[in-house]
Ligand SMILES: [Zn+2]
Ligand SMILES: [Zn+2]
């Protein structure tokens, strides 16, 4: 994986600088049918964006997330390999550019974009990153159908439930649960085998992320196929491992915060060193994991102390 591309892509500061990298010929999406009619499209050979899900059948086609703008061509090639029909519904699991990067194209080809209402608000109020600036999101990028807590699609013999899990990776996350097929697309509430990115600046939180992962565990059994936002197709045991790592890491950092340590002091102690070898990766290093937990957890404490009724 191109570490530099990964870093820039997820922070979404600059897509244009990635174009050169993403034109490497070796990059493509590999398509895997995880259950009849449900495909996982995963980028290989470089960073293409988040994992894409596609439900195909005679009633219509649902796509979950649409990768980076620079991945459009290889994404379209992968889609054609699983269906000759256009996309009817495009679900965005959350606002990040590696999951919403081709909204405009698919919308203009006839897809109705569906997402949590906070994602639409985020695009309208904050816009999208262009270089280091935020610019207005194009109208065709915006969801035309939004939901607050949950909604369900009924197509191709599947019940596809979109469920909002609050303040997890962002404040506008949705997971998609195909219950008859026992398949769950988690969006970025799960990075399989990697420290997670918790986007505190977009309304995510460490405790919310942990609660959201536990909610997905509750929906899973040993046979559930879990499509993570990033990383390979997973089983319940993989998610359970991520949950215990995060739960323990939160406790460790919370204890240090309670002991009065500053963020830099905590980083210096390297309290998550036991998780380094297994979970550290280019974008969320062990240091960044420590810092994001500190920021989120100390922020929570501050709120607990300062909360007054007129804030609500
Ligand atoms: Zn992502
Ligand atoms: Zn994300």
Yes/no for residue 226 being crowded, with 16+ Cβ neighbours inside 10 Å, free of Cβ contacts under 8 Å to residues at least 60 places away in the same chain and farther than 29 Å from residue 35 by Cβ: no
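Residues checked against (1) out of contact with any helix residue (DSSP H, G or I) (no Cβ under 6 Å at 6 or more places or on another chain); (2) within 16 Å of ligand 1 (Cβ to nearest atom); (3) without any contact (Cβ under 8 Å) to a residue 60 or more places away in the chain:
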{"position": "50", "(1), (2), (3)": "no, yes, no"}
{"position": "69", "(1), (2), (3)": "yes, yes, yes"}
{"position": "78", "(1), (2), (3)": "yes, no, yes"}
{"position": "81", "(1), (2), (3)": "yes, no, yes"}
{"position": "99", "(1), (2), (3)": "yes, yes, no"}
{"position": "104", "(1), (2), (3)": "no, no, yes"}
{"position": "111", "(1), (2), (3)": "yes, no, yes"}
Failed criterion for residue 96 (all others in (1) within 20 Å of residue 232 (Cα to Cα); (2) more than 16 Å from ligand 2 (Cβ to nearest atom) hold): (2)
Complete set of residues in region 112-122 that are within 16 Å of ligand 2 (Cβ to nearest atom) and under 25 Å from residue 35 (Cα atoms): 115
Test: residue in region 243-266 that is surrounded by 14 or more Cβ atoms within 10 Å (Cβ to Cβ) and assigned to a loop (DSSP other than H, G, I, E, B): yes
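Residue by residue, here is whether (1) over 21 Å from residue 41 (Cβ atoms); (2) surrounded by fewer than 14 Cβ atoms within 10 Å (Cβ to Cβ); (3) away from ligand 1 (no atom under 16 Å from the Cβ); (4) without any contact (Cβ under 8 Å) to a residue 40 or more places away in the chain holds:
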{"position": "107", "(1), (2), (3), (4)": "no, no, yes, yes"}
{"position": "115", "(1), (2), (3), (4)": "no, no, no, no"}
{"position": "118", "(1), (2), (3), (4)": "yes, no, yes, no"}
{"position": "125", "(1), (2), (3), (4)": "yes, yes, yes, yes"}
{"position": "132", "(1), (2), (3), (4)": "yes, yes, yes, no"}
{"position": "159", "(1), (2), (3), (4)": "yes, yes, yes, yes"}
{"position": "167", "(1), (2), (3), (4)": "yes, no, yes, no"}
{"position": "183", "(1), (2), (3), (4)": "no, no, yes, no"}
{"position": "190", "(1), (2), (3), (4)": "no, no, no, no"}
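Would you be able to tell me the number of residues in region 21-33 that are surrounded by 19 or more Cβ atoms within 10 Å (Cβ to Cβ) and either touching a strand residue (DSSP E or B) at 6+ places or on another chain (Cβ under 8 Å) or at pLDDT 95 or above (or both)?
Applying the first criterion (surrounded by 19 or more Cβ atoms within 10 Å (Cβ to Cβ)) to region 21-33 yields 22, 27-29.
This time we only want the ones that are either touching a strand residue (DSSP E or B) at 6+ places or on another chain (Cβ under 8 Å) or at pLDDT 95 or above (or both), so: 27-29.
Residues that pass the stated criteria total 3.
So, residue 175, is that one within 16 Å of ligand 2 (Cβ to nearest atom) and not in a helix (DSSP H, G or I) or not? Reasoning before the result, please.
Numbers: within 16 Å of ligand 2 (Cβ to nearest atom): yes; not in a helix (DSSP H, G or I): yes.
For residue 175, the condition - within 16 Å of ligand 2 (Cβ to nearest atom) and not in a helix (DSSP H, G or I) - is met.
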Selection status of residue 234, under 24 Å from residue 47 (Cβ atoms), crowded, with 16+ Cβ neighbours inside 10 Å and either touching a helix residue (DSSP H, G or I) at 6+ places or on another chain (Cβ under 7 Å) or touching a residue at least 60 places away in the same chain (Cβ under 8 Å) (or both): no
Answer residue from region 203-231, given it is within 15 Å of ligand 2 (Cβ to nearest atom) and in a loop (DSSP other than H, G, I, E, B) and is nearest to the chain's Cα centre (by Cα) among those: 229
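Listed here are the residues, each with its yes/no results for (1) within 24 Å of residue 202 (Cα to Cα); (2) within 16 Å of ligand 2 (Cβ to nearest atom); (3) at pLDDT 95 or above; (4) surrounded by 20 or more Cβ atoms within 10 Å (Cβ to Cβ).
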{"residue": "19", "(1), (2), (3), (4)": "no, no, no, no"}
{"residue": "37", "(1), (2), (3), (4)": "no, no, yes, yes"}
{"residue": "40", "(1), (2), (3), (4)": "no, no, yes, yes"}
{"residue": "52", "(1), (2), (3), (4)": "yes, yes, yes, yes"}
{"residue": "60", "(1), (2), (3), (4)": "no, no, yes, no"}
{"residue": "78", "(1), (2), (3), (4)": "no, no, yes, yes"}
{"residue": "84", "(1), (2), (3), (4)": "no, no, yes, no"}
{"residue": "101", "(1), (2), (3), (4)": "yes, yes, yes, yes"}
{"residue": "110", "(1), (2), (3), (4)": "no, no, yes, no"}
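The values are calculated or read from the model by the stated rules, or taken from the named source; none is laboratory data. Just so it is clear, the model here is predicted, and its values are computed rather than measured. Reconstructed Cβ throughout: ideal geometry from the backbone, glycine too, with neighbour counts over all protein chains shown.
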